[in-house]
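Novice: The structure follows.
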Ligand code: PLP
């Protein structure tokens, strides 16, 4: 089938793979081995990757901590700060449409005494500064708002939210997993204290990610959640995943060089797909914030069809209904429900996400194919 599920995961870029391979075999050293060339070679590769990642987001290399992915980065950020602040402050502000790797962390902390405000977005998936301002309490230590939503692509006013957080002496975390390589990020200009990212959404391998932690902020005192040999300056113990790290670094450098041109190409293809569906099929709607969203994604609801049948009928295209990360359950997407879709329409919604290897021929085929399938189900 034609792969249109790049927001679930991406294939590894061949240039990334080439860069990684020697670190499985000849350069297999442990980056923590300080007494021989094997260790030094691995450590050099890790530090080079750290710089490549930092360069993509305007950070310093020493502000990057490697994790197993964005789920772990989110856990480290939120649990680590909760533990740091727990005797003084215990309130978090976040959003109903965050990834489960934020929401379930907050739910867990609530059992330990944390209080969370979940802001409700508008029908485009946006939250307002006023909503945040109204939710701030003297006990608020963290605002966590995702940069862009994984299902509907809506991009939040990150810079303004960060500024509001800082004005109130509150730390600001953003889950930017879906944004790296798609939108230019600058942690200074965007007022970000902590940022989560993941390799496998960016043409690097699965099982590698990072947390950016601002050096000159209280965030840098967060409490580690995995203890052991004090790797990563104590923030995250465990022998480093050198191959994953090398891959993530290379993927970030490629993204930095190719971001603008590639995203222009993708948004043209995405618009073609979206217009093709809107113009050729009756009773469809596009979800999310059309004015400001991820360039590679469109989320479309099809009226008058049974949702489960719809997804099952798309044999020739690989797409997603709701988030692949929570696809173990067949509940209607909580993101779509939060922006006001009813259960039926939420079920009958498809996320098409394009990527580096998507071609115009694939988009032309998909438009015709979706029309056929939807009309046969009606
Ligand atoms: N956050 C967001 C917004 C995501 O889309 C995902 C992946 O689907 C994650 C976090 C989880 O990332 P990882 O698979 O690296 O744990």
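Novice: Here is a list of conditions, (1) crowded, with 21+ Cβ neighbours inside 10 Å; (2) modelled with pLDDT under 95, and residue 329 meets all of them except one; can you say which number that is?
Specialist: (1)
Novice: For segment 188-200: of the residues being surrounded by fewer than 24 Cβ atoms within 10 Å (Cβ to Cβ) and more than 11 Å from the ligand (Cβ to nearest atom), which is nearest to the chain's Cα centre (by Cα)?
Specialist: 190
Novice: Within 12 Å of the ligand (Cβ to nearest atom), assigned to a loop (DSSP other than H, G, I, E, B), under 23 Å from residue 12 (Cβ atoms) and touching a residue at least 60 places away in the same chain (Cβ under 8 Å), is that true of residue 177?
Specialist: So residue 177 passes the test.
Novice: Right, next: Considering only residues that are within 16 Å of the ligand (Cβ to nearest atom) and more than 21 Å from residue 149 (Cβ to Cβ), which ones fall in segment 207-238?
Specialist: Across segment 207-238, the qualifying residues are 207, 208, 225, 226, 236, 238.
Novice: Right, another one. Pick out the one residue from 31, 49, 45, 70 that is within 18 Å of residue 174 (Cβ to Cβ), touching a residue at least 40 places away in the same chain (Cβ under 8 Å), crowded, with 19+ Cβ neighbours inside 10 Å and touching a helix residue (DSSP H, G or I) at 6+ places or on another chain (Cβ under 9 Å).
Specialist: Checking each option against the conditions leaves just 70.
Novice: Just the residues that are part of a loop (DSSP other than H, G, I, E, B) and under 14 Å from residue 373 (Cα atoms), please, taken from segment 284-319.
Specialist: If the condition is that a residue be part of a loop (DSSP other than H, G, I, E, B) and under 14 Å from residue 373 (Cα atoms), then 303, 304, 305, 306, 314, 315, 316, 319 are the ones that fit.
Novice: Something else now. Residues that are within 16 Å of the ligand (Cβ to nearest atom) and in contact with a helix residue (DSSP H, G or I) (Cβ under 6 Å, 6 or more places away or on another chain): which helices (runs of 4 or more DSSP H) entirely in segment 94-172 hold 3 or more of them?
Specialist: Filter on segment 94-172 gives 100-110.
Novice: Quick check on residue 77: is it in a helix (DSSP H, G or I) and touching a strand residue (DSSP E or B) at 6+ places or on another chain (Cβ under 8 Å)?
Specialist: Criteria met by residue 77.
Novice: Further question on the same structure: Take the residues in segment 308-320 that are out of contact with any strand residue (DSSP E or B) (no Cβ under 6 Å at 6 or more places or on another chain) and farther than 14 Å from residue 365 by Cα, then tell me which one is modelled with the highest pLDDT.
Specialist: Going through the qualifying residues, I end up with 313.
Novice: Surrounded by 23 or more Cβ atoms within 10 Å (Cβ to Cβ) and modelled with pLDDT of 95 or more: does that describe residue 203?
Specialist: Yes.
Novice: Another question, then. State all residues of segment 87-102 that are surrounded by 19 or more Cβ atoms within 10 Å (Cβ to Cβ) and over 20 Å from residue 133 (Cα atoms); if no residue qualifies, say none.
Specialist: 99, 101, 102
Novice: Are any residues in segment 206-224 in contact with a strand residue (DSSP E or B) (Cβ under 6 Å, 6 or more places away or on another chain) and surrounded by fewer than 24 Cβ atoms within 10 Å (Cβ to Cβ), and if so, which ones?
Specialist: Scanning segment 206-224 gives 219, 220.
Novice: Among the candidates 372, 361, 331, which residue alone is part of a loop (DSSP other than H, G, I, E, B) and out of contact with any strand residue (DSSP E or B) (no Cβ under 8 Å at 6 or more places or on another chain)?
Specialist: 331
Novice: Which condition from (1) within 18 Å of residue 147 (Cα to Cα); (2) crowded, with 20+ Cβ neighbours inside 10 Å is the one that residue 291 breaks?
Specialist: Of everything listed in (1) within 18 Å of residue 147 (Cα to Cα); (2) crowded, with 20+ Cβ neighbours inside 10 Å, residue 291 misses just condition (2).
The values are calculated or read from the model by the stated rules, or taken from the named source; none is laboratory data. If you're wondering where the values come from, they're calculated on a predicted model, not measured in any experiment. So basically every Cβ, Gly included, is an ideal-geometry build from the backbone, and we count neighbours across all protein chains shown.
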